[in-house]
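The structure appears right after this line, and notes come after that.
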Amino acid sequence: MARPRQSPPPIKSFRERLGALRHVGPLFLLVWGTSAPLTIATIGIRLIRSLLPVSTLYVGKLIIDEVIRTAALPGHPDTWSAWVASGLLDRTMQLILLEFALAIGADALSRGGSLVDRILGIKFSISTTIRLMEHSATLDLEQFEDSEVQDRLERARTQTFQGLGVMGQVFGQVQTLITIISFAAGLVVYAPWLIVLLLVALVPAFVGEAHFNALEYALQWSRTQQRRLLEYLRQTGASVETAKEVKIFGLNRFLIDRFRDISLDTYRANRALAIKREGTMGLLTAIGTAGYYTAYGYIAWRTLTGQFSIGDLTFLAGSFRRLGDLLASLLVGFSSTASQALYLDDLFSFFTITSRIHSPEHPRDVPRPIAIGFEFQDVGFQYPGTERWAVRHLSFTLHAGETLALVGENGAGKTTIVKLLARLYEPTEGRILLDGHDLREYDLDALRANVGVIFQDFVRYSLTAGENIAVGRIDEREDKARIVQSAEQSLAAEMIARLPATYDQPIGKRFSTGVELSGGEWQKLAIARAYMRDAQLLVLDEPTAALDARAEFEVFQRFKALSAGRTSMLISHRFSSVRMADRILVLNEGTVDSMGTHEELLARKGRYAELFELQAQGYR
């Protein structure tokens, strides 16, 4: 298993990080679209909470000043009851009750805000994941097979859970800014130069935080493939699908060691960055602390000289401390938000990936029935970024109502032809015609709806037996009669009848109520999907690889009967199967070697005859 190559870390300049903030607007629209009432609620709560700190601190100042003023009055009462009766404590008690109400309100708003944010976060994650799935569904198969697109998908998928955190940071920054303005207004009245001192003291910490946020993003970006490999190793080492081979071949230790090696490599890189970050930021933060105590000494001196009251001292010292913390939080938070917005690049850039394969503006109707058939005219396909041609110079016709078998060694291009027919791939050169018109002239969804393909690596869905068949035409999943008929045609009906819940039985061991099937039983379900689809073009790609000889014979007899009068294509390595086809197309290294009936190809003594003889020898 090859280790993933590490991409060069994309160290972003501060200007680039600021530029990433352009995504905040589109992100807000995503959050608003998730739930406008919840978005309004979280903004409203934050606005109210932003004014509570200075209000609480100022009420505390008034309490201290009132207590000192009252205590200094001559001839004040000696007992509590006398104090109450005198009315001297009325204003003090009112202020204490006001501060108590502010404290209760702050706690309630904090809890309410957390609740709203949590609910909004869950809804945002769901809605963004759905949008991500919807956009992924529009991409081409060729794009899904690109490792770079897989990396971008992985990073975008992460943002479905973390994207709201960026929006929360933005809301938090606005809340902090309003609180800062309220505290600054109080300081300006007493000593405006203290604010300048604060800013000068906090700039180093801001610059340091911005620098390390950029390094953090670069580290995470460069290790995307490592994270995907770790997830693959985790799944391979502990899943029911791989358990048999892992145990038989004794792969547990190999997989665990590989997981440990890569995990430790990631851990070391993160640890080194964390140590460097905390050490540097500790020194820079000390500068801000020195600025605070300089201001604290100045306020204390002015109190001693009688220029400030004790309440003023408490208010100003508290304001300066809170303002310092808030300014640090704002500056660092702004840098963090700008850096976190870089991750939004991963989300929104994924949405910019567009499919090359799509329907024309004014598509043709797919002919029903197909009258002429499919024609390949000098078709070639080459994967992007590679020099090797998967197929090239393919020219042949699949006539309407004909069964054509594809024969060739592994890598000859058989499955590529099927993907080109279904427009999962677009020809790099040449064109494919349907009834005399280029496939690109037809509506893409309508074309694929008329093609039923069962690939040799078909998906084993962890759904019910009936749903596993219904995926062939998922819009008809409620048509039980059609599902049963498809199961009977594929010889899956008898097997399904033995299941505890028959067609409603969950299949596979992923969930506790699931029942695992043998390879041949799974294959019968897969073949039933092709019958369920009732497509004009029916393609079976190695459909009987896991079936015994009797089941294989029965499947092909059913297939022959089902495909009568319709166009079909069969891919198989078993010559006993392909000889039933009307014609056989022999492929060699992506090109057409020969074509004809079984008897004609044997008579030519070419590659087909050679392969047939090699296989026949195995049965003698």
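Taking neighbour counts of Cβ atoms within 10 Å as a proxy for exposure, in what order, fewest first, do Asp107, Asp345 appear?
Working: Asp107 10, Asp345 22.
Fewest-to-most Cβ neighbours within 10 Å comes out as Asp107, Asp345.
Given a cut-off of 31 Å, name the pairs among Lys419/Lys524; Lys414/Lys524; Lys123/Lys419 whose C-alpha atoms lie farther apart than that in the structure shown. Walk me through the numbers before you get to the answer.
On the way: Lys419/Lys524 22 Å; Lys414/Lys524 22 Å; Lys123/Lys419 37 Å.
Among Lys419/Lys524; Lys414/Lys524; Lys123/Lys419, the Cα-Cα distance tops 31 Å for Lys123/Lys419.
Among 528-537, 24-33, what's the highest-first ranking by average C-beta atoms within 10 angstrom per residue?
So the peptides 528-537, 24-33, ranked by packing, come out 528-537, 24-33.
Can you list the aspartates and glutamates whose alpha carbon sits under 17 Å from that of Lys509, skipping same-chain ones fewer than 8 residues off?
Once the sequence-local aspartates and glutamates are set aside, what remains near Lys509 is Glu241, Glu245, Glu467, Glu521.
May I have the pair-distance distribution P(r) for region 460-534, computed from all Cα-Cα distances with 5 Å bins from 0 and rounded to whole percent?
3, 20, 33, 27, 13, 3, 0
Hey, got the dipole for region 460-534? About the Cα centre, +1 on K and R Cβ, -1 on D and E Cβ, debye to the nearest 20? Working shown, then result.
On the way: 11 positive and 11 negative charges, 48 e Å.
Roughly 220 debye, rounded to the nearest 20.
Tell me, Ile474, Ile45 in order of fewest to most beta-carbon neighbours within 10 Å? Intermediate results must be reported in sequence, preceding the final value.
On the way: Ile474 11, Ile45 21.
Ranking Ile474, Ile45 by Cβ neighbours within 10 Å, fewest first, gives Ile474, Ile45.
Take each of the peptides 432-438, 486-492, 603-609, 451-457, average the number of other beta-carbon atoms within 10 Å over its residues, and list them starting from the highest.
486-492, 451-457, 432-438, 603-609
Would you kindly work out the equivalent ellipsoid of region 360-495 from its C-alpha gyration tensor and give its semi-axes, the square roots of five times the eigenvalues, largest first in whole Å? All intermediate terms of the calculation are to be shown ahead of the outcome.
On the way: eigenvalues 174, 75, 44 Å².
Equivalent ellipsoid semi-axes, largest first: 30, 19, 15 Å.
Using the 10 angstrom Cβ neighbour count as an exposure proxy, how do Arg388, Arg131, Arg152 rank, fewest first?
Working: Arg388 10, Arg131 15, Arg152 20.
Ordered from fewest to most neighbouring Cβ atoms within 10 Å, Arg388, Arg131, Arg152 come out as Arg388, Arg131, Arg152.
No value in this document is a laboratory result; all are computed from the given coordinates. On a predicted model such as this, the values are computed, not experimentally measured, just so you know. A quick note on method: Cβ atoms are made from the backbone with ideal geometry, for glycine too, and the neighbour counts reach across all protein chains shown.
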